[in-house]
1. From largest accessible area down, sort Arg109, Arg195; use a 1.4 Å probe on the protein chains.
2. Defining a contact as two alpha carbons under 8 Å apart and six or more residues distant in sequence, what relative contact order in percent does segment 1-79 show?
3. Let me have the relative contact order for the chain, percent, based on Cα pairs under 8 Å that are six or more residues apart.
4. Ignoring ligands, DNA and RNA, what percent of the 1.4 Å accessible area of segment 74-208 is carbon and sulfur?
5. Compute, for His191, the solvent-accessible surface of its heavy atoms (probe 1.4 Å) with the complete set of protein chains present, and express it in square angstrom to the nearest 10.
6. Using helices alone, I'd like the mean residue ellipticity at 222 nm for the chain: each DSSP H run of four-plus residues gives -39500 (n - 2.57), total over residue count, nearest 500.
7. Could you compute how fast the chain diffuses translationally, taking Rh as the Kirkwood radius over C-alpha pairs and applying Stokes-Einstein at 25 °C with viscosity 0.890 mPa s? Give it in µm² per second.
8. Label points 7 Å out from Cα along the Cβ direction at Tyr203 and Met141: separation in nm?
Amino acid sequence: MSVKHILDQRRSVRHYDPNHEISPEVLTSLIESASKSPNGNNIQATRYLIVDEPRLRKSLLPIAYNQAQVVEASALIVMLGDYQAFDANNIMDIHEQAFQAGYMDQALRDYLADAAINYYAPKSKEELKLELIRDISLASMSLILLANEAGYETITMSGYDSAQLKEALQIPKRYEDIMLIAIGKGLKPGHGTVRHEVSKVIYRNEIV
Ligand SMILES: Cc1cc2nc3c(=O)[nH]c(=O)nc-3n(C[C@H](O)[C@H](O)[C@H](O)COP(=O)(O)O)c2cc1C
């Protein structure tokens, strides 16, 4: 199935077969591929918190405004950004690994690691949050495409109370929750949606 075909057919699905299970191996494989998404300076800040404990899933229902997919989908993943990824140690480790793997020489390792450290160092928390939103959003879309390719339906959710979700799942402060993704076998197709005419969303050289 081509990416174009998936994008043309995909719908946000809100009703799932609660009895369908996705094996941990399949989920791991989808996440492994999603983790190959582009990400700033390859600092790899995306974390995938799989919530598969039924009691926890139920506790998230009111936090996510009673959206049934929270409990009915086969998998519920909290897409997180890890602020610790901006630490110099992480950045140096990743570039050292790339050097050890033979992907770059010492000069490039040091140049790229220094550039990344200096890029993030002066940024405010708000600016770092934007960096996380960029990276985690790209990984999220990859996961959605991969899940659709594997024959599942998905829905992205920002309709939940972030503070309550963090408390219910005891998510430490170093993580930013970016969105929820539910994956499963749809029971009811998602309703159709419209998109602007493409000419309405394209500008050339200037916004008019
Ligand atoms: C960041 C984001 C958050 C969303 N949150 C919710 C949500 O909480 N509940 C919901 O039913 N749909 C949610 N959606 C799904 C959108 O409503 C949906 O993508 C949009 O209406 C277009 O429909 P389609 O995905 O079927 O093409 C969200 C989508 C995105 C990208």
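The values are calculated or read from the model by the stated rules, or taken from the named source; none is laboratory data. Bear in mind that the values here come from a model prediction, so they are computed numbers and not experimental data. Backbone-built Cβ (ideal geometry, glycine too); neighbour counts: all protein chains shown. Just so you know, the surface numbers come from the protein's heavy atoms only, side chains and all, with ligands and any DNA or RNA stripped out. Shrake-Rupley method; radii C 1.70, N 1.55, O 1.52, S 1.80 Å.
1. Details: Arg109 45, Arg195 170 Å².
Ranked from most to least accessible, the order is Arg195, Arg109.
2. Values: 57 pairs, mean separation 33.8, N = 79.
Value for segment 1-79: 43 percent.
3. 36
4. Details: 4230 of 8090 Å².
C and S atoms contribute 52 percent here.
5. 110
6. Working: 9 runs with 96 residues, N = 208.
The helix contribution divided over the chain gives -14000 deg cm²/dmol.
7. Details: Rh = 18.9 Å.
Calculated translational D: 130 µm²/s.
8. Calculated label separation equals 1.9 nm.
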